[in-house]
Amino acid sequence: MRQTYVIFGYGPVGQSIVHQLLARGTGETIRVAQRTRPADLPVGVTFQSCDMRDAAAVATACEGADQIVLAVGFAYQSTTWASHWPAAMAHVLAGAQRAGARLIFVDNLYLYGPQTRPLVETMPPMDYGRKPAVRAAITRQWLAAHHEGKVRVTALRAPDFYGPGVKQSHLGELGLAAIAQGKKAMLIVDPDQPHDFAYVPDIGRAVMSLLDADDSDFGQAWHVPSAPTTSPRAILDIAARQLNQTLKLTSLPMAWLPILGLVHPMMREMVEMRFQWDRPYQVDCKKFETRFWADPTSFERGVQETLKSFQSQ
């Protein structure tokens, strides 16, 4: 049976989901909903103008949906997250309930807060800091909606990501894109700290697995599989070697963040997230790998495809 899919947000993850749905060639209805129409929306995909803060607009975007994917992002500011995210989650839950649709929430790992062991889905939401506390709060929202029988919801959680065309990431514009242009790479995190990174097409693939999953797989969170844990320096070195370069890398000491935050808003927002970079940051994906698939894209292949995308630009 053909289904209607509504994708809220057409960033890198939303684009990957749309392209993978289209690649099936089965004729499903695909609707992208966000504030402005994407310039590169594929033929056959419809667009619905929608501000996530507007309950009526979200409800309209959800009409007729069988499955909904929430893959939006808000400006990386604590005040914006605190005011926008709870409302957006409430609106999409209400829209999904009215439509009788299932909902997949593409989430991050902030809600776990500082940990000293690999992250597992059973770790409870932690009211730590500002942005992690917001993610914990909206997690409680969707869990309550699911367990109250209002809407079938699941969350797919991913660590920092990279991939073709992805600039807004630690490995993006100042990392892999710089190397693709023959420039020196720059990191504002510890380049040698073991850290998991997910490849955006793998996130899209994981969403596809959940879209095809049974209802029994909902009401819980899943972690996206990623290539074996390594350091940002090692990943950037792969890129340099693929282009026959010697890696040139500059990094800012993490201790500078509070000082830089006095004059740079983004650095100020990153201060509370230092726990992701002052220790090994590893994600346990065994649950997803056992239930679905366990062959994430290698860094060698992922980096190669990402470099090609930046070179073509």
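The values are calculated or read from the model by the stated rules, or taken from the named source; none is laboratory data. As the structure is a prediction and not an experimental result, all values here were calculated from the model. Note that we place each Cβ from the backbone using ideal geometry, even for glycine, and neighbour counts take in every protein chain shown.
Name the residue, out of Asp190, Asp214, that is at negative phi, modelled with pLDDT under 95, among the acidic types (Asp, Glu) and over 20 Å from the mean Cα position of the chain (by Cα).
So the residue among Asp190, Asp214 that is at negative phi, modelled with pLDDT under 95, among the acidic types (Asp, Glu) and over 20 Å from the mean Cα position of the chain (by Cα) is Asp190.
Within segment 261-291, restricting attention to residues that are buried (at least 18 other Cβ atoms within 10 Å of the Cβ) and part of a loop (DSSP other than H, G, I, E, B), which residue is modelled with the lowest pLDDT?
Among those that are buried (at least 18 other Cβ atoms within 10 Å of the Cβ) and part of a loop (DSSP other than H, G, I, E, B), it is Trp277.
Out of Ala206, Ala185, which single residue is closer than 18 Å to His170 by Cα, among the small types (Gly, Ala, Ser) and crowded, with 20+ Cβ neighbours inside 10 Å?
Ala185
Pull out all pairs, ordered by first then second residue, where Cβ-Cβ is under 7 Å, the residues are six or more apart or on different chains, the first lies in segment 1-25 and is more than 11 Å from Val69 (Cα to Cα), and the second is in a helix (DSSP H, G or I) and of a type in the set (Gly, Ala, Ser).
Pairs that qualify, where the first residue is more than 11 Å from Val69 (Cα to Cα) and the partner is in a helix (DSSP H, G or I) and of a type in the set (Gly, Ala, Ser), are Ser16/Gly204; Gln20/Gly204.
What residue, of Ala94, Ala82, Ala56, is at pLDDT 95 or above and closer than 25 Å to Ala213 by Cβ?
After ruling out the rest, the residue left standing is Ala94.
Go through segment 98-133 and give me each residue that's out of contact with any helix residue (DSSP H, G or I) (no Cβ under 6 Å at 6 or more places or on another chain), small (Gly, Ala, Ser) and buried (at least 18 other Cβ atoms within 10 Å of the Cβ).
Listed by number, the residues that qualify are Ala101, Ala133.
Can you tell me which residue in segment 18-33 is nearest to Ala96 (Cα to Cα), limited to those that are assigned to a helix (DSSP H, G or I) and touching a helix residue (DSSP H, G or I) at 6+ places or on another chain (Cβ under 8 Å)? Quick ask: steps written out before the conclusion?
Residues of segment 18-33 that are assigned to a helix (DSSP H, G or I), as a first pass: 18-24.
If we keep only those that are touching a helix residue (DSSP H, G or I) at 6+ places or on another chain (Cβ under 8 Å) as well, we get 19-21.
Details: His19: 23, Gln20: 22, Leu21: 20 Å.
Of everything passing the filter in segment 18-33, Leu21 is nearest to Ala96 (Cα to Cα).
Of the residues Gly64, Gly95, which is surrounded by fewer than 21 Cβ atoms within 10 Å (Cβ to Cβ), within 26 Å of Gly149 (Cβ to Cβ) and either in contact (Cβ under 8 Å) with a residue 40 or more places away in the chain or not aromatic (Phe, Trp, Tyr) (or both)?
The conditions single out Gly64.
Among (1) among the aromatic types (Phe, Trp, Tyr); (2) within 17 Å of Ala57 (Cα to Cα); (3) in contact with a strand residue (DSSP E or B) (Cβ under 7 Å, 6 or more places away or on another chain), which single condition is Trp142 missing?
(2)
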